Amino acid sequence: MSNFYFIMSKQTGEVIDVKGANPQPGTPLIAYPRKDTGTDDQLWALEPSTGGYFFIKSKHTGEVIDVQGANPQPGTTLIAYPQKSSGTDNQLWQLVPSPTVGYYFIKSKQTGEVIDVKGASPQPGTQLIAYPQKSSGTDNQLWQLVAVVS
């Protein structure tokens, strides 16, 4: 894995972050201001799977973005969790271009829900959840991949 990205929210400019840089499996993912140093918990690689889906893998731990417990309920917390070898639909994501050029909805294979900044809160440290894609007011569901040059 050599291509890493900050995944930046259109709403706040914050990035997907492993809360507290905690290496424990099951750590919640949050939207947090991009750091200048010690950014491995904010860097992600897209590892292709089948059918246009990706595992989104943390540089920090090698864990992937996971819908906690494969819970299909809207509003389920997103966590960093070890990549599974089977039953992976809750760990597979598709980049769906939005009408706003350069931004994507990141859609779960399991539910079709997208990565969402909970409650559209601009507060740093806000939890990320899987939530149905909205038809308007979508800035908290839109993400841009910002490549890191190493």
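The values are calculated or read from the model by the stated rules, or taken from the named source; none is laboratory data. Treat the numbers as computed from the prediction; the structure is a model and nothing was measured. No Cβ is skipped: glycine too gets one built from the backbone with ideal geometry, and neighbour counts run over all protein chains shown.
With respect to the conditions (1) over 22 Å from P124 (Cα atoms); (2) acidic (D, E); (3) crowded, with 18+ Cβ neighbours inside 10 Å, D17 falls short on a single one, namely (1). Within region 22-32, does at least one residue satisfy the condition of being among the hydroxyl-bearing types (S, T, Y), touching a residue at least 60 places away in the same chain (Cβ under 8 Å), surrounded by 14 or more Cβ atoms within 10 Å (Cβ to Cβ) and more than 19 Å from K134 (Cβ to Cβ)? Yes, some residue in region 22-32 is among the hydroxyl-bearing types (S, T, Y), touching a residue at least 60 places away in the same chain (Cβ under 8 Å), surrounded by 14 or more Cβ atoms within 10 Å (Cβ to Cβ) and more than 19 Å from K134 (Cβ to Cβ).
Select the strands (runs of 3 or more DSSP E) contained entirely in region 1-46, then report the ones holding at least 3 residues which are among the small types (G, A, S), touching a helix residue (DSSP H, G or I) at 6+ places or on another chain (Cβ under 8 Å) and farther than 22 Å from K118 by Cβ. It comes to none. Taking the criterion of being β-branched (V, I, T) and modelled with pLDDT of 95 or more, the residues of region 75-100 that qualify are T76, T77, I79, T88, V96. When Q133, Q144, Q94 are screened for being part of a loop (DSSP other than H, G, I, E, B) and either surrounded by 14 or more Cβ atoms within 10 Å (Cβ to Cβ) or not aromatic (F, W, Y) (or both), only Q133 passes. With respect to the stated conditions, T77 is in contact with a helix residue (DSSP H, G or I) (Cβ under 8 Å, 6 or more places away or on another chain), surrounded by fewer than 21 Cβ atoms within 10 Å (Cβ to Cβ) and β-branched (V, I, T).
If you go through region 47-66 and keep only what is touching a residue at least 24 places away in the same chain (Cβ under 8 Å) and either assigned to a strand (DSSP E or B) or of a type in the set (V, I, T) (or both), you end up with E47, F54, F55, I56, K57, S58, T61, V64, I65, D66.
In the set (1) among the small types (G, A, S); (2) part of a loop (DSSP other than H, G, I, E, B); (3) closer than 23 Å to A21 by Cα, the condition left unmet by G69 is number (2).
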